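Working notes, structure below.
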Amino acid sequence: MSAFLFNLILKPPSLNGAAVGGQPLIPYNIDWIFPKLRRPSRLWHIASTGVIGLVGFFSKIVIVWLNKTRVHNIEVLENLLENRPKGTPLLTVSNHHSCFDDPGMWGLLKLRLLKLRNVCNHNVIRWSMAAHDICFTNKYHSLFFMYGKCIPVVRGAGVYQPAIDLCIEKLKLGHWVHVFPEGKVNMTKEDLRFKWGVGRIIYETPILPVIIPIWHIGMETVLPNEPPYYLRLGKKLTYNFGKPIDLNAVMERLRTNPVSEEEARKIITDKIQEEMMILKEETERLHFDYIKSS
């Protein structure tokens, strides 16, 4: 793989997101990116197709063909990508153990009719937030990740920032948005409190999104979080796609018994975390059985 793609996709983050005077450090001006993501041009669509196709195909080679991956229930997501009613927003949430989680996991999507119908289709593939101080540090990196449908998020800037606003806008249009609620690569795999950004995204989207939880195990063995940073092969990975999280009762309760926006975000986020922890336990059992069977 070229050094260019290594630095853009594979190189794990250095801890350079220091704060200055209590405010997050923004090493590169990202303001120009949001208008381009909000109203993509024809050139953007052409470039996006190329970037998503290249990265999607590379991800499939690494995750599906060069490693030993067991996938459970991915048809839940694939059916929604192909068959959900027009205008229905889709939100996926997953744990975050490696810098290759995204785009790696999307390499699992099916090859259809001799083309990567989902992986390489910029109209189908997800929008996802990416750390501004890692992925958007200069013009060329910014263009690459922008064409890959990544939205620069400033960690530490709270729930009211352009990245969260744009995720809500994309869901309003019926698009697919992916979120890592832990808010960072969880290198210690501890049970982190989920960030409330996911709660705001759901609370402020007019049509309740279809919410698919995903838990995976083993990605940090494919691309470790410590040097040397290079892709490993032949690792055993487990992916588990959960059933849609039903928030209808929660949202109805919030409508009939109004609370502050902050409390609403917390209630929604806590419910997402509760469902994710159930999926985590199930996935750990599946992965243990996988390891034990070999």
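What follows is calculated from the coordinates using simple rules that are stated; it is not laboratory data. Quick caveat, the model's predicted, so the values are computed rather than measured. Every residue, glycine as well, gets a Cβ built from its backbone with ideal geometry; the counts of neighbours run over all protein chains shown.
Considering Cα pairs under 8 angstrom that are at least six residues apart, work out the relative contact order of the chain and quote it in whole percent.
Computed over the chain, the figure is 24 percent.
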Name the residue from MET251, HIS45, ILE214 whose Cα lies farthest towards the positive end of the charge dipole of the chain, charges +1 on Cβ of Lys and Arg and -1 on Cβ of Asp and Glu. HIS45
Partner lysines whose C-alpha sits under 23 Å from that of LYS149, ignoring same-chain residues fewer than 8 away, are LYS11, LYS36, LYS60, LYS86, LYS110, LYS115, LYS139, LYS170, LYS172, LYS184, LYS195
Rounded, prolate or oblate, given the Cα gyration tensor of region 162-294, with a/c below 1.5 counting as rounded? prolate
Across the alpha-carbon set of region 186-250, Rg over Rh with Rh taken as the Kirkwood radius works out to 1.09
Fluctuation leader among ARG200, ARG42, ARG155 - the chain, Gaussian network, Cα springs under 10 angstrom: ARG42
Identify which of LYS60, LYS280, LYS235 has the largest mean-square fluctuation in a Gaussian network model of the chain, with springs joining Cα atoms closer than 10 Å. LYS235
Please work out, to two decimal places, the log10 of the ratio I(q)/I(0) at q = 0.20 Å⁻¹ from a Debye calculation in which every Cα of region 250-294 carries one identical scatterer. -0.67
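If each residue of separation counts as 0.36 nm, what is the full-extension length gain between ALA157 and HIS72 once their alpha-carbon separation is subtracted?
That works out to 27.1 nm of additional length.
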log10 of Debye I(q)/I(0), alpha-carbon scatterers only, for region 41-95 at 0.15, 0.21, 0.27 Å⁻¹: -0.70, -1.11, -1.07
Shape verdict for region 34-173, please, from the Cα gyration tensor: rounded (a/c under 1.5), prolate (a/b greater than b/c) or oblate. rounded
Apply 1/(1 + (r/R0)^6) to the Cβ-Cβ distance of TRP65 and LYS236, taking R0 = 22 Å, and write down the FRET efficiency to the nearest 0.05. 0.95
At R0 = 22 Å, FRET efficiency that the Cβ-Cβ distance of TYR229 and ASP191 yields, to 0.05: 0.25
Once the in-chain neighbours fewer than 8 apart are removed, the lysines whose Cα is under 16 Å from LYS243 read LYS271, LYS280
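So which helices of the chain fit the span-like rule, where a helix is a whole DSSP H run, its Cα atoms reach 18 Å or more along the axis, and its mean Kyte-Doolittle is at least -1.0?
Once both thresholds are applied, what remains is 42-60, 261-293.
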Grab the DSSP H runs of the chain that are 4 residues or longer, score each as -39,500 (n - 2.57), total them, divide by all residues and round the 222 nm result to the nearest 500 deg cm²/dmol. -12000 deg cm²/dmol
Can you list the aspartates and glutamates whose alpha carbon is less than 17 Å from that of LYS266, not counting same-chain residues fewer than 8 positions off? GLU182, ASP191, GLU204, ASP246, GLU252, GLU274, GLU275
Which FRET efficiency value, to the nearest 0.05, do you get for THR137 and ARG84 by plugging their Cβ-Cβ distance into 1/(1 + (r/R0)^6) with R0 = 35 Å? 0.50
Calculate the dipole size of region 225-294 relative to its Cα centre from +1 charges on Lys and Arg beta carbons and -1 charges on Asp and Glu beta carbons; express the result in debye to the nearest 20. 380
With P(r) over Cα pairs in 5 Å bins from 0, in percent in mind, check (i) 1, 5, 12, 16, 20, 19, 14, 9, 4, 1, 0, 0; (ii) 1, 5, 11, 15, 17, 16, 12, 9, 6, 4, 3, 1, 0, 0; (iii) 1, 5, 12, 15, 18, 15, 11, 6, 2, 2, 2, 2, 2, 2, 1, 1, 1, 1, 0, 0, 0, 0 and report the label derived from this structure. (i)
